[in-house]
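Read the figures in this text as sums done on the coordinates, not as results from a lab. Since the structure is predicted, the reported quantities are computational estimates derived from the model, not experimental observations. Cβ coordinates were reconstructed from backbone atoms using ideal geometry, including for glycine residues, and neighbour counts include every protein chain displayed.
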Amino acid sequence: MSGLFLSKGLYPEDFFRPTVEFLLREQQADGSIPWFDGGHADPWDHVESAMGLSIGGEYPAAERAYYWLRDSQLPDGSWWAAYRAGEVDNRERRETNFVAYIATGVWHHYLISGNRAFLKSMWPCVQRAMEFVVGQQSAHGEINWAVDADGKPMVDALVTGCASIYKSLECAWNISVTLGEPRKDWCKARHKLGEAMRHKPERFDRTWESKARYSMDWFYPVLTGVIPTAKASAHLQKRWVEFVEAGMGCRCVSDEPWVTVAESCELTMALLAAGDHARAVTVYSWLHQWRESNGEYWTGYQFVEDLLWPDERPTWTAAAILLAADALTEYTPAHHLFKEVRLLPDPWEAESRETEASERYRG
């Protein structure tokens, strides 16, 4: 199927129900959500899939997914790069953007469910995770992409990874304010990270070849609020023809004839963040030709060889489809998460201002 045009108030629940059912089928007994049956689970994509369950109204399943992360968290607040069948599958490193994403997922679920008990139960886990991540921030503001098996920093920074962390710090701050324990240090870390991403490009890709050929490096700073709305549309326009194939979607990398569904969904949300609703609707409408009748979506399409590749229909791709649909239709109370920056005000600062104003009035 192709040509599904979505707009506010027009979420096709019956159409997406099989996609939600797919996520439920793939979730393991312990709560983890691997890429597909027999595949591995990594913390970032696991959270993405849990967000899809929340959009689908499957709150208990989504909460089990987050409790799996809580229960498997390492003492330093991190997780290994991959897990399979209840065991660690990759002990080579722990990636900071993987670890930080728990805050985005937990806040997303709370926005949809309103379950404060869940938020409180996950708060210690979120705190430990963000402490690990912020602990990898340099004096320049960027955040190391990972630590190795021994906990030694792998010193360099990724644009996409740091952009994802930037959104996670926003969500972590909002959780802390909601629970009455505002973490100003996280706001400061977020500010420093944003400044580095906007003004210190030399702090990224220092020890490897630039990853600017990847579309995520292009649109993730818009998707996560690093680039403000006023500048976002111009930013996306600069490289539009490099990455976007009309009628298909967004390339994963600029120099390969391969469009991918998840990146196209994220580009859809980045376009919404930039205020370009018409192109967001159009890009998203192309993606359902890669859908199977059971609600699963292929990873991508190699358009020179006319080949669906790889032979995978991952859970996180299905979840990205649901996230973009929610952003377009405003179906859940979390629809704005990747379209806007919404930092909750510090209640203590507000109280101080009110007290000061009251004292001036009495004086």
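Per-residue HN-Hα couplings for the range 91-100, Karplus 6.51 cos²θ - 1.76 cosθ + 1.60 at θ = phi - 60°, whole Hz, x for Gly and Pro?
3J(HN,Hα) across the range 91-100, in whole Hz: 9, 6, 6, 10, 8, 5, 6, 4, 5, 5.
Between 174, 144, 294, which gets the highest mean-square fluctuation from a Gaussian network model of the chain, Cα cutoff 10 Å?
Taking springs between Cα atoms under 10 Å, the residue moving most is 294.
If you keep only loop residues by DSSP, which GluC sites (Glu not before Pro) in the range 165-246 have at most 11 other Cβ atoms within 10 Å of their Cβ?
209
For the chain, set up a GNM with springs between Cα atoms under 10 Å and report which of 61, 196, 212 has the largest fluctuation.
212
Please give the Cα centre distance for the range 257-280 versus the range 1-29, rounded to the nearest Å.
Measuring centre to centre over Cα atoms gives 18 Å.
Using each residue's phi in the range 215-220, evaluate 6.51 cos²θ - 1.76 cosθ + 1.60 at θ = phi - 60° and report the 3J(HN,Hα) Karplus result to the nearest Hz, with x for Gly and Pro.
For the range 215-220, the Karplus curve yields 4, 4, 5, 6, 9, 4 Hz.
For a quick check, take a GNM of the chain with Cα springs below 10 Å and name the residue from 150, 326, 217 with the largest mean-square fluctuation.
Among 150, 326, 217, the largest GNM mean-square fluctuation belongs to 150.
How big is the dipole moment of the range 13-362 about its Cα centre under a simple scheme where the beta carbon of each Lys and Arg is +1, that of each Asp and Glu is -1, and everything else is neutral? Debye, nearest 20, please.
For the range 13-362, the charge dipole is close to 1200 debye.
Given a Förster radius of 30 Å and the C-beta distance between residue 150 and residue 179 as r, what FRET efficiency does 1/(1 + (r/R0)^6) yield to the nearest 0.05? Can you show the working numbers first?
Details: r = 34 Å, r/R0 = 1.12.
So the FRET efficiency works out to roughly 0.35.
Only residues of the range 148-172 count here: report those whose backbone N is under 14 Å from the spot 7 Å along Cα→Cβ of residue 205, or say none.
Backbone N within reach: 157-162.
At a 10 Å Cβ-Cβ cut-off, how would you order 46, 40, fewest neighbours first?
In increasing order of surrounding Cβ atoms, one gets 40, 46.
How far, in nm, would the chain grow between residue 302 and residue 25 when pulled straight, counting 0.36 nm per residue and subtracting the alpha carbon separation?
96.9 nm is the gain from fully extending residue 302 to residue 25.
So how many Lys-Lys pairs in the chain land under 19 Å Cα to Cα, not counting same-chain pairs under 8 apart?
15
To the nearest 10 degrees, how steeply does helix 184-199 sit against the main Cα axis of the chain, on a 0 to 90 scale?
So the inclination is approximately 50 degrees.
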